[in-house]
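The values are calculated or read from the model by the stated rules, or taken from the named source; none is laboratory data. Just so we're clear, the structure is a prediction, and the values are computed from it rather than from any experiment. Reconstructed Cβ throughout: ideal geometry from the backbone, glycine too, with neighbour counts over all protein chains shown.
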Amino acid sequence: MSSRVAVVCSCRPPHSSAGPAKEWRDVGSYGLSVDLSRRFNVTESGVPDGPVVLMVHGFGCDQSMWRWMRLPFEATYRVISFDLIGFGGSDPEAYDPVKYESLEGYADDIVMLIEGLGLSDVTVVGHSVASMIAVLAAGERPDLIASLALLVPSARYIDDDEYSGGFTLDDIDDLMESLERNYLGWANSMAPVIMGRPDRPDLETELTELFCQADPVIATRFGNATFRSDNRGDLDRVQCPTLVVACQDDPIAPPAAVDFVANHIAGSIRITLDAVGHCPNLSAPEETAQAVLDFLQQLPTPSPAG
Amino acid sequence: MDSADPAESVGPGRSDDLFESAPCGYAIFDEDGIILRVNKMLLTMVDAEPTDVIGRRFPKLLSVGGQLFFEMRLQSLLRLQGFVHEVALDLKRGDTRVPVLMSIAEAAGDGTGPREFLATIADITERRRYEDELREARRLADAQRRRVVALQTVSAELSKAVTRSDVAAVIESTAAAGLGADAITLWRLDADDTELRPVSSPVREDGDDWFVPFDREAKRPHWQALDTMSVVTVTRGDGASDFPGIEAAMLSLGHELVRFIPFRSGKRLAGVVSMGFGEASQIEAEDEELLVEVVRQAAAALERAELYEQQRDIVLMWQENLMSTSLPTDGRVRLRSHYAPATQVFRAGGDWFDAELVDDDRLWFIVGDVVGHGVAAAAAMGKLRSAARALAHAGFGPTELLERLDRFVERTPGTFASTAICGDLDLVTGVARIARAGHPPPLLVAEDSSTYLEAQGGPPLGVSRISRPDPMQFELSPTERLVLFTDGLIERRNEILDVGLDRLQSLLSGTDNRSLRDLVRASATRDHLDDICFLVVART
């Protein structure tokens, strides 16, 4: 894990058929397990021998969320992202309604992926609910995960006595109803459209694909697993260095909820970005990436032996 | 973030005019969702002034669930693909909501400024009402389908239940799962109508006394359901005062609601099914009909099981009585017998054996197998056994005895085509004679070998009128044993008979009694489909 060979590539959106194929490296050429790569639609970029940053997307989208944020890491790190089972380009056959009834099922997948790809000393970057998935994985397997970066995390969305998560049960029911009403919006039901993008010449008049596709039933179940879960008790199992990131005016992970996470992970560093809303990885990819990079740089370098 | 000048939203000009007076709501917001401009229709829809909305984030106009949906999904899609189509959400309007359908697309700018998004928002109050009716209809159809599936599953499982505890198991597991109940218990009224007892009592870790039998002194809802022959529902917190102890029991069992559904057996009161539902109960009030139907089916299955168990008890008792006659004791001979009814008790009954000293120096013995099972087979076996014994005492040898039984079975219902092996042994000379009617050959076990005596077979009783061959005759040495058995000892599922015969032959060798004990043990523990019966004859 010493050479620093930069590999030029950016994120591969799922279901890409006509896309900029030449930029993409076949993940198989890294010697990864092809089965796992296919199962999780694994995308890799950056320095093949570099320290590993594993990016895990949250509810509502897929690994496309990292497409702009991964770039700043690629000069130094081996950047790996994937789609949670049931989302994006993951293997639909791999979905198991019992396993994925709770976040633990997804955490097991992170462990499976890290072990299956033969990774060690991994930094897991989790967005939104994926930060709790990362917390569960790190609590379970501290030997595999060296550090965590939790973007806009919340250990519980629903208010509970003294605890303020920001939402009532009715709010969550309201969200579930929105999911149900917009059932079709998840599925691959709309054909790709031609879009002119004068502001982004790199995407000019290309065949725009649809992002963040999911099986609507799975999306609803994941929504339930996300918003009804309570991971407050799992936070103190995290032993590794952890960065906790909040945004401005984020209605989903309000300051009190983010504070709770930071206060219950020993030694964690809490910062607030200038970015507004709940998706800093999309709205302010450079700022978000820089915050994580700064955090990683001040960590002691992991020994080659792991 | 700079917000746009509010005055812009009321500016002059044709396109502004179109924007302002369009029959749907318009909003323009930036990449972070900050509202730059809205039209009159949108302000009317949310009942607000321009200053209330300009500069705020667009999702704030939505219901909380809608905000979550917008932040977690739509925002990402807008940034990644630049548009979303036909999204159904609710706008907030004071304390009420306006159902809307919105499409949002990136505004075509000159490519230099920040990204802006234009949302068109249509009030769909009427359409939503229609949609809600459709969704409700679908929900009802789904619920109906679930009920049918639950009922079918329970019916199918109940049809396989044989004993009362099988019925209780189906009700406690399959029915509970299908109905969304946390726990279901089947209570049976005793013969005197004084006590209710659980058909299979669940073992409870907390050891509470809720599941032990109780009488009318215990003022429980079960009795009320039975006495009124109607469903009694107890909700935690309500009505609990009528029934002492129920509140505590529900609390410890985690039930929010318990239903007590009575059932009859014929015209008599028979019992009650209690069903406990937790907080997240999936069963809705309308499904009481389903619960009652499940109980009706369970009651029918229970009645069937009780009848069956009664019949089984009769068979076993009868069989036991008939077999309990002691074997003759004589210093010149050693006899050993074993009978094990089929493990699936409804297949039990029909195998038999007998042995008697028919004169001072002659031992008579027989092993038989009556076709069929149950009470009828046990009765037939009794008749056949009495006839055989009478014939033996009348002095008929093995072949003559079987030939007379051939006539007997023709007139005696249930005995036709029975098989038997019959023989006698001269206790002075050791000469044995054996005759068979459709029965497996006996095994002659010597010190270092064992042989099936296959000669002189014949058809099952009553099947043929051709005279039977003379008996096989041989001298039984004191170092040998003669083993007579029924096919239950050698038959196994999916196996040809020869394999079983070979296995028995290799198991039984030598005069050591150990192999015989092994045989008894094996026949007692193995899951056998048929009765097992054998008789061992040896000289001392």
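Mind telling me which of the residues B:G331, B:G349 ends up being on the phi > 0 side of the Ramachandran plot and either at pLDDT 75 or above or buried (at least 16 other Cβ atoms within 10 Å of the Cβ) (or both)? The match here is B:G349. In summary, B:G66 fulfils each of the numbered conditions (1) touching a residue at least 40 places away in the same chain (Cβ under 8 Å); (2) within 11 Å of chain A (Cβ to nearest Cβ) with the single exception of condition (1). Residues of segment B:434-481 that are surrounded by 13 or more Cβ atoms within 10 Å (Cβ to Cβ), assigned to a strand (DSSP E or B) and more than 45 Å from the chain's Cα centre (by Cα): B:I434, B:A435, B:L444, B:V445, B:S450, B:T451, B:M472, B:Q473, B:F474, B:R481.
Taken over segment A:269-287, the criterion of being touching a residue at least 40 places away in the same chain (Cβ under 8 Å) and either among the hydrophobic types (A, V, I, L, M, F, W, C) or surrounded by 15 or more Cβ atoms within 10 Å (Cβ to Cβ) (or both) is satisfied by A:H278, A:C279, A:P280, A:N281, A:L282, A:P285. The helices (runs of 4 or more DSSP H) found wholly in segment A:209-306 and carrying at least 2 residues that are of a type in the set (S, T, Y) and within 14 Å of chain B (Cβ to nearest Cβ) occupy A:216-227.
Residue by residue, here is whether (1) in contact with a strand residue (DSSP E or B) (Cβ under 7 Å, 6 or more places away or on another chain); (2) on the phi < 0 side of the Ramachandran plot; (3) aliphatic (A, V, I, L, M); (4) surrounded by 13 or more Cβ atoms within 10 Å (Cβ to Cβ) holds:
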{"position": "B:I121", "(1), (2), (3), (4)": "yes, yes, yes, yes"}
{"position": "B:R128", "(1), (2), (3), (4)": "yes, yes, no, yes"}
{"position": "B:L158", "(1), (2), (3), (4)": "no, yes, yes, yes"}
{"position": "B:T174", "(1), (2), (3), (4)": "no, yes, no, yes"}
{"position": "B:D190", "(1), (2), (3), (4)": "yes, yes, no, no"}
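Scanning segment B:395-405 for any residue that is surrounded by 18 or more Cβ atoms within 10 Å (Cβ to Cβ) and closer than 19 Å to B:R539 by Cβ turns up at least one such residue. Note on segment B:69-83: residues that are touching a residue at least 12 places away in the same chain (Cβ under 8 Å) and facing another protein chain (nearest Cβ under 7 Å) amount to 5. Just checking, does segment A:85-94 include any residue being under 18 Å from B:L80 (Cα atoms) and touching a helix residue (DSSP H, G or I) at 6+ places or on another chain (Cβ under 8 Å)? Yes, some residue in segment A:85-94 is under 18 Å from B:L80 (Cα atoms) and touching a helix residue (DSSP H, G or I) at 6+ places or on another chain (Cβ under 8 Å). Identify all residues within segment B:97-155 that are within 53 Å of the chain's Cα centre (by Cα) and part of a strand (DSSP E or B); write none if there are none. The answer is B:R97, B:V98, B:P99, B:V100, B:L101, B:M102, B:S103, B:D123. Scan segment A:63-115 residue by residue and report those that are of a type in the set (S, T, N, Q) and crowded, with 20+ Cβ neighbours inside 10 Å. Answer for segment A:63-115, where residues must be of a type in the set (S, T, N, Q) and crowded, with 20+ Cβ neighbours inside 10 Å: A:Q63, A:S64, A:S81, A:S90. Could you look through segment A:281-293, keep only residues that are touching a strand residue (DSSP E or B) at 6+ places or on another chain (Cβ under 8 Å) and at pLDDT below 95, and pick out the one that is nearest to A:V258 (Cα to Cα)? Only one residue fits best here, namely A:N281. Considering B:R37, B:R56, the condition of being within 24 Å of B:I124 (Cβ to Cβ), within 14 Å of chain A (Cβ to nearest Cβ), more than 53 Å from the chain's Cα centre (by Cα) and at pLDDT 90 or above is satisfied by B:R56 alone. Against the conditions (1) among the polar types (S, T, N, Q); (2) more than 46 Å from the chain's Cα centre (by Cα); (3) modelled with pLDDT under 75, B:T429 satisfies every one except (3).
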